[in-house]
Protein chains: 2
Amino acid sequence: MDTSPPAPTDADPGIVAPDQPQAEESQRIAFGRHLKKLRQDRGLTLAECSKLTGLAISTLSKAERGLMALTYDRLSQIAAGLQIDMNALFGDEGERFQPDSLAIARRGEFQLQETPNYAYEILFPEIWGKAMTPMTGLVRARSRMAFKELIRHEGQEFVYVLAGQLTLHCEGRDPITLATGESAYFDSGMGHVYTTAGEDDARILVVCFGQNLPESQPQDP
Amino acid sequence: MDTSPPAPTDADPGIVAPDQPQAEESQRIAFGRHLKKLRQDRGLTLAECSKLTGLAISTLSKAERGLMALTYDRLSQIAAGLQIDMNALFGDEGERFQPDSLAIARRGEFQLQETPNYAYEILFPEIWGKAMTPMTGLVRARSRMAFKELIRHEGQEFVYVLAGQLTLHCEGRDPITLATGESAYFDSGMGHVYTTAGEDDARILVVCFGQNLPESQPQDP
DNA sequence: AAATCTCTTTTCCTATCGGAAAAATATGCT
DNA sequence: AGCATATTTTTCCGATAGGAAAAGAGATTT
């Protein structure tokens, strides 16, 4: 007989990948549904989508039902045709900012969040799927800095001083003082805190990126 | 004879995708380099990476050099093995904002861009890989709006009125007037233009997201 | 310098992707 | 209902992904 045991050679099963057998398929199916939604959200038929992406209708059909796993080349064709970048292709497309959305923030329209040293409001809490989270804040005069209070969250942060004088404390760095009209851009993964050196409260505008906080719990910028 | 002309049937070349012939390959090569970097940044050899991901060494080798286009299944295996999610797999991991980065914008530090109706400066042009692009601008008093000048670019935009009065013109909508301290958040894929209704120039702060303009050509917000 | 070890690339071959066209299913029209 | 059109699914097959094993290409040691 010629039924020798299939000796594994390339990757020996010592540490092994978290390799589920049919989990692969179910993930592919989920992704297929995702692709379908992407297409339908744009009101496209398979034929139209085929023209935009250059893939065959049959390929799209099979991919959407998880019957096949598209290659990188095809995936990037889809991304190009649908005008989204690869990141977004896999991202929670459903959570995406609505095309043609527009929202206006009038003054004092939103809920003020109060903390000992800050008062701030998230500007468009009702819009879900925003890529950026803008907020306005007030840093109280003579606010003391407590090192244990360092804020730290995934992403990037931009702060602009609307009025007064702001002191930016960043982990492992000397404090930086910003005058009115000045701004800073930094990795918000670094611990950071705002205080003010001036005699008056400082008013700031903060825009965060990278943390999905659509409706998250009260949290300092 | 049986040499009928190869009638295109599935996708007729009427609108057609922006389908470059060998652009596909170069993108794949770039992605391959990206994969290699991901692996090497973790100090992994092909063999170790193979164990983690479950892919054959040869497959990884070929993929890293752009000799083959991995399928969705394999890509997700890599993502799982390397403990990053699919988004990040394609994200500009290499081009990413440096962890622990911090940049300060003092007043008048950057190059002013002048257009008939605007003057603006991009705040941190030197930092590459920022997720957001903040800029400050000046909208000239009595600026007239030319419909042909509608700005349109991928992504989302946040505008905050620092001083004066801003009028936001959005495609297919009535103009919206924002007073000092008010702001708007919108899909910048919609055509949009800023003017001012007031007698004085309006000063604004704009933060864009979603367009990769690391060092792009002068362009209005 | 040959031998050994480690890491990467090539080769070969089968399983699968992916396109064209036909079949099936859904939707509308008179 | 019956026909016509639009959309999706199936089928078939050539092109390609991807695994196993062998062949390079460096290092390091003896």
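Within the range A:71-107, can you find the residues that are in a loop (DSSP other than H, G, I, E, B) and modelled with pLDDT of 65 or more?
Residues satisfying the conditions are A:Leu82, A:Gln83, A:Ile84, A:Asp85, A:Arg106, A:Arg107.
What are the pairs with Cβ atoms under 7 angstrom where one residue, in the range B:139-152, is not assigned by TED's automatic domain parsing to the domain that holds B:Thr195 and outside any loop (DSSP other than H, G, I, E, B) and the other, located anywhere, is open to solvent by 50 Å² or more (accessible area, probe 1.4 Å) and at pLDDT below 70? Sequence gap at least six, or different chains.
Every condition considered, no pair remains.
If a residue has to be at pLDDT 75 or above and farther than 20 Å from B:Ala131 by Cβ to count, how many in the range A:119-135 make the cut?
Residues that pass the stated criteria total 3.
Give the range B:1-45 a look and list any residue that's over 21 Å from A:Thr71 (Cα atoms) and either at pLDDT 50 or above or touching a His at 6+ places or on another chain (Cβ under 9 Å) (or both), or say none.
Across the range B:1-45, the qualifying residues are B:Gln40, B:Asp41, B:Arg42, B:Gly43, B:Leu44, B:Thr45.
Residue pairs, Cβ under 6 Å, 6 or more apart or interchain, first in the range B:33-61 and in the same structural domain as B:Leu82 (by TED's automatic domain parsing), second at pLDDT 85 or above and more than 13 Å from DNA strand D (Cβ to nearest atom). List them.
B:Cys49/B:Arg39
Tell me which residues, restricted to the range A:58-72, are aliphatic (A, V, I, L, M), near DNA strand C (Cβ under 6 Å from one of its atoms) and open to solvent by 10 Å² or more (accessible area, probe 1.4 Å). I'd like the intermediate steps shown before the answer.
Pass one, the range A:58-72, residues aliphatic (A, V, I, L, M): A:60, A:63, A:67-70.
Retained after the next criterion (residues that are near DNA strand C (Cβ under 6 Å from one of its atoms)): A:68-70.
Scanning the range A:58-72 gives A:Met68, A:Ala69.
Among the residues of the range B:78-92, count how many are free of Cβ contacts under 8 Å to residues at least 40 places away in the same chain, open to solvent by less than 30 Å² (accessible area, probe 1.4 Å) and either near DNA strand C (Cβ under 8 Å from one of its atoms) or at the interface with another protein chain (Cβ under 7 Å from one of its Cβ atoms) (or both).
Residues meeting the conditions: 3.
Within the range A:36-54, count every residue that is at the interface with chain B (Cβ under 10 Å from one of its Cβ atoms), open to solvent by 10 Å² or more (accessible area, probe 1.4 Å) and more than 10 Å from DNA strand D (Cβ to nearest atom).
Total meeting the criteria: 3.
The values are calculated or read from the model by the stated rules, or taken from the named source; none is laboratory data. No experiment lies behind these values; they were computed from the predicted model shown. Neighbour counts run over all protein chains shown; Cβ positions are idealised from the backbone, glycine included. With ligands, DNA and RNA removed, areas are computed over all heavy atoms of the protein, side chains included. Shrake-Rupley method; radii C 1.70, N 1.55, O 1.52, S 1.80 Å.
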